[in-house]
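None of the figures in this text is laboratory data; all of them are computed from the coordinates on show. Not measured: the values here are computed from a predicted model. Cβ: placed from backbone, ideal geometry, glycine included. Neighbour counts: every protein chain shown.
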Amino acid sequence: MKGKVTVRLKAGVLDVEGKAIEGALAKLGFNGVGAVRVGKVFEVELAETDPAAAKAALTAMAKGLLANPVMETFEVALEPG
Amino acid sequence: MRVAVVSFPGSNCDDDCVRVVGEVLGRTAYKVWHADHDLQGPDLVILPGGFSYGDYLRCGAISAHAPIMADVADFARRGGAVLGICNGFQILTEAGLLPGALHRNAGLHFICRDVHLRVEGLATPFTAGLAGRVLKVPVAHHDGNYHADADTLARLEGDGQVVLRYCHPDGVVDAAANPNGSLGHIAGIASAAGNVVGMMPHPERCAEPLLGNTDGLAFFQAALQTLGG
């Protein structure tokens with residue numbers, strides 16, 4: 001089974017990389033671009049076959065290592081197939 | 001004073017810290033490996049600067065789970081003096097031994113230059129007797145922008161846990177003296193009990209005359225006095 005953990009910066013946290021990308025997009029002529037925020041996606045292969053257990057494991061991984069609760073939020077999902 | 005300096009894969013200031021304590025101060029300093037479980041009875045533990053685990057995931061995130069960190073946490077809980085410098089500060093926040101987090105510098109640049117620091121707040125083992133002093137110490141980091149939520153920040157300020165702030169040479173603290181966008185112009189903080197301190201600047205890089213600046217020695221001398229010589 002394949003899982004996906006998406007980690008995003010919390011709304012109140014300044015995303016300096018997003019700001020730089022915003023500027024670069026404008027320089028490339030992409031008009032009408034508002035705020036850009038950068039996140040991370042972790043694709044995780046799991047031996048687990050039970051979807052509920054797999055989601056619980058992904059949540060534990062996000063809390064324990066993949067996300068920093070001071071600055072980030074996370075979502076877990078299972079990939080189809 | 002016995003000082004344990006923890007080496008993680010990618011630490012690069014561990015030898016500098018050992019040199020300051022061993023050669024400059026003439027006390028006992030030794031390195032301990034991150035994968036071991038023995039701090040060997042120190043009076044002080046230093047988590048040095050560097051790029052442990054290549055800064056993968058987040059700076060300090062993987063090192064925070066190293067085997068030795070359980071021993072460092074025990075030592076800190078019993079009141080032991082712990083100093084995290086640069087990457088060591090990042091590791092302490094990731095390990096939950098200090099509040100908040102350090103993220104990408106506001107200007108996006110890696111910054112490597114001297115800054116001035118104003119010492120204030122709690123009398124920690126590393127800042128006792130230094131309150132009010134302005135010290136010139138170099139920074140060298142990409143992720144030194146201190147962040148904490150508003151409640152945490154208010155508690156840090158109210159309880160004197162902000163122990164170092166970026167300032168001008170005359171001690172004035174303002175945005176122009178802040179190299180990385182840190183909230184509150186914070187360069188270093190202490191735990192509530194004061195025994196755990198994290199700082200982004202590198203005192204070990206300016207602790208002997210050969211290096212052209214000895215301001216950093218003040219932090220090590222404070223530790224020497226506080227911890228009984």
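Within straight cross-link reach of residue A:4, meaning Cα distance under 18 Å, which aspartates and glutamates are found once same-chain residues fewer than 8 apart are removed? Cα-Cα hits under 18 Å: A:43, A:45, A:48, A:50, A:72, A:75, A:79. Taking amide hydrogens as placed 1.01 Å from N in the peptide plane, the amide H of residue B:2 sits under 5 Å from those of B:43, B:44, each at least 5 positions away in sequence or on another chain.
Of all beta bridges that DSSP places with both ends in segment B:1-52, some 10 percent have antiparallel geometry. Only helical runs count toward this figure. For chain A, summing -39,500 (n - 2.57) over DSSP H runs of n ≥ 4 and dividing by all residues gives -8500 deg cm²/dmol at 222 nm. In segment B:124-210 the Cα-Cα distances spread across 10 Å bins starting at 0 as 16, 50, 31, 3, 0 percent of all pairs. The residues packed around residue B:132, meaning those with a beta-carbon under 10 Å from its beta-carbon, carry a net charge of +1 if Lys and Arg are +1 and Asp and Glu are -1.
Expressed to the nearest 5 percent, the antiparallel share of DSSP beta bridges inside the protein assembly as shown is 70 percent. Cross-link reach is defined here as a Cα-Cα straight distance under 17 Å, omitting same-chain residues fewer than 8 places apart; for residue B:31 the aspartates and glutamates meeting it are B:14, B:15, B:16, B:23, B:43, B:71, B:204.
Pair-distance distribution of segment B:2-226: all C-alpha pairs, bin width 10 Å, starting at 0; shares per bin in whole percent are 9, 38, 40, 13, 0.
Gain on full extension, evaluated as 0.36 nm per residue between residue A:56 and residue A:25 minus their Cα-Cα distance, stands at 7.4 nm. Helix A:16-27 axis versus longest C-alpha principal axis of chain A: approximately 50°, rounded to the nearest ten. With the cut-off at under 20 Å, measuring from each backbone N in segment A:62-76 to a point 7 Å along the Cα-to-Cβ line of residue B:154 picks out A:70-71.
Shown here is the pair-distance distribution of the protein assembly as shown: with all Cα-Cα distances grouped in 10 Å bins from zero up to the longest one, the shares run 6, 26, 33, 21, 10, 4, 0 percent.
Could you list, in their original order, any pairs among A:10/A:55; A:19/A:40; A:19/A:63 whose Cα atoms are separated by more than 19 Å? Distance filter (> 19 Å) returns A:10/A:55; A:19/A:63. Against the main long axis of the alpha-carbon atoms of chain A, helix A:51-61 sits at an angle near 60°.
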